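The values are calculated or read from the model by the stated rules, or taken from the named source; none is laboratory data. Being a predicted model, the structure only gives us computed values, none of them experimental. Because the Cβ atoms are built from the backbone with ideal geometry, glycine has one as well, and the counts that use them run over all protein chains shown.
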Amino acid sequence: MICEMWFFLIAGIVIGLDQLSKYLVRANMVLGESIPEEGFFRFTYGTNTGGVFGFFSNQTFLITVAAIVSVVIILLYSRHKMAHSMLVKVSLGLILGGSIGNLIDRVRFGAVTDFIDVGAWPVFNLADSAIDIGVVLLIIYILFKIKKDSKEAKQVESKD
C-alpha cells in the first residue's frame, strides 16, 4: 500500500512541476528566446511536435495515441507482482508523471514545450528528464534482479 502511494505521489509531483515550469516558460519567454543568450546551459523556449529528440515530427496524433497506450500499460504494470519493489514503483511513477506531463501539452497545444538547453543536446523539459531517470532506474533494478536471481539459482543447484 505504501509503495502504491509513492507511485502516485511521485507521478503527481512530476506532473505538477513539469506543468508549472512549462507555464512559467510560456508566460515569460518568447518562442526561440534563450536565457542567457549564449553558454553551455541555457533556458531556450522551444516546442516539439515529434517524439524523443524530435523524431516523428508533426505526428502529434500518432504520438498522442502511443502516449495514452503507454500510460495505460504503466498503470496496469504497476499492479504486477514484480512492481511491488519500491525502486520499481519510483521508476514507474517518474515515467508515468513524465508521460502524462508531455501528454497534457500535446492535447492542449499540439506540441510539447521544451526549455532546458544543455550543450549540443536537444532542448528538453522536466517530463523528459523524469522519463529518462525512471527508465534508468528500471534498467538498474532489472539488471540487479537478474543477477540476484541467477545467483540464487546457482545456490539452489549447488545444494542439489
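Being in a loop (DSSP other than H, G, I, E, B), farther than 9 Å from Phe115 by Cβ and in contact with a strand residue (DSSP E or B) (Cβ under 9 Å, 6 or more places away or on another chain) is the filter here; which residues of the range 24-38 pass it?
The answer is Val30, Leu31, Gly32, Glu33, Pro36.
Of Ile13, Ile68, which residue is under 27 Å from Val90 (Cα atoms), touching a residue at least 60 places away in the same chain (Cβ under 8 Å) and either assigned to a helix (DSSP H, G or I) or under 14 Å from the mean Cα position of the chain (by Cα) (or both)?
Ile13
Restricting to the range 110-129, what's the tally of residues that are within 15 Å of Ala67 (Cα to Cα) and assigned to a helix (DSSP H, G or I)?
Looking only at that region, the number is 2.
Find the residue count for the range 20-47, including only residues that are polar (S, T, N, Q) and in contact with a helix residue (DSSP H, G or I) (Cβ under 6 Å, 6 or more places away or on another chain).
Residues that pass the stated criteria total 1.
Between a first residue in the range 118-135 that is touching a residue at least 24 places away in the same chain (Cβ under 8 Å) and a second residue that is in a loop (DSSP other than H, G, I, E, B), which pairs have beta carbons less than 8 Å apart while being 6 or more apart in sequence or on different chains?
If the second residue must be in a loop (DSSP other than H, G, I, E, B), the pairs left are Val118/Phe40; Gly119/Phe40.
To keep it simple, each residue is scored yes or no on (1) modelled with pLDDT under 80; (2) closer than 18 Å to Ile15 by Cβ; (3) surrounded by fewer than 16 Cβ atoms within 10 Å (Cβ to Cβ); (4) not acidic (Asp, Glu).
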site: Phe56; (1), (2), (3), (4): yes, no, yes, yes
site: Thr60; (1), (2), (3), (4): yes, no, no, yes
site: Ala67; (1), (2), (3), (4): no, yes, no, yes
site: His80; (1), (2), (3), (4): yes, no, yes, yes
site: Ala83; (1), (2), (3), (4): yes, no, no, yes
site: Val88; (1), (2), (3), (4): no, no, no, yes
site: Gly93; (1), (2), (3), (4): no, yes, no, yes
site: Gly98; (1), (2), (3), (4): no, yes, no, yes
site: Asn102; (1), (2), (3), (4): no, yes, no, yes
